[in-house]
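One structure is given below, encoded as structure tokens.
The values are calculated or read from the model by the stated rules, or taken from the named source; none is laboratory data. Bear in mind that the values here come from a model prediction, so they are computed numbers and not experimental data. For neighbour counting, all protein chains shown are included, and Cβ atoms are generated from backbone atoms with ideal geometry for every residue, glycine included.
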Amino acid sequence: MNAKTKFLNLKQAWVKAGAAERELIDKETETFFASLSEDEKIDVNEAVKEDFKAIHKEIDEIKQVLDIRKKLEPVLPIISVSYLVKNYFHRTPQWFYQRLNGNRVNGKTAQFSPQEVETLNLAIKDITKQLSKTQL
């Protein structure tokens, strides 16, 4: 196992571990770092950079989900999500809520694509027009 893989495995083990197990993993990680050659240190440094990029990407995805949720929060209790999803996306409410809540689906964070965000914007505008035309 190369240094990069070993580092990522130790990191993943630490994330999944409880407090007592983390102390053991910390010691193993210290031993691992002490044993690295200069080339291996470069490889591990590259792994850390890649890991930070992945973390930042995940943070951006979470921010997008929270932003959409925040914007829809006052509207969702008023409109029928079933109607919205069925008529504008041809999907199920579960599909919609997976994206709205940023659920993990097949190992990935579910989110609206840019095209789906545009469809959602158009749907809300269309529903707004329909409501504004309605008078008793």
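For the condition of a type in the set (Phe, Trp, Tyr) and over 30 Å from residue 117 (Cα atoms), residue 33 qualifies. When 81, 117 are checked against the criterion of being without any contact (Cβ under 8 Å) to a residue 40 or more places away in the chain and not assigned by TED's automatic domain parsing to the domain that holds residue 61, a single residue qualifies: 81. Only one of the listed residues (57, 49, 53) is outside the structural domain of residue 104 (by TED's automatic domain parsing), modelled with pLDDT of 90 or more and within 30 Å of residue 118 (Cβ to Cβ). That residue is 53. Considering only residues in region 91-136 that are small (Gly, Ala, Ser) and not in a loop (DSSP other than H, G, I, E, B), the one that is modelled with the lowest pLDDT turns out to be 132.
With respect to residue 26, determine if the residue is more than 30 Å from residue 102 (Cα to Cα), acidic (Asp, Glu), surrounded by 10 or more Cβ atoms within 10 Å (Cβ to Cβ) and in contact with a helix residue (DSSP H, G or I) (Cβ under 7 Å, 6 or more places away or on another chain). No, not satisfied.
For residue 47, the requirement of being touching a Lys or Arg at 6+ places or on another chain (Cβ under 6 Å), closer than 30 Å to residue 3 by Cα and surrounded by 11 or more Cβ atoms within 10 Å (Cβ to Cβ) is met.
For beta carbons closer than 8 Å, sequence separation of 6+ or different chains, a first residue in region 86-105 that is on the phi > 0 side of the Ramachandran plot and touching a residue at least 40 places away in the same chain (Cβ under 8 Å) and a second that is in a helix (DSSP H, G or I) and not hydrophobic (A, V, I, L, M, F, W, C), the qualifying pairs are 102/61.
Only one entry of 3, 34, 13 meets the criterion of being among the small types (Gly, Ala, Ser) and in contact (Cβ under 8 Å) with a residue 40 or more places away in the chain, and that entry is 3.
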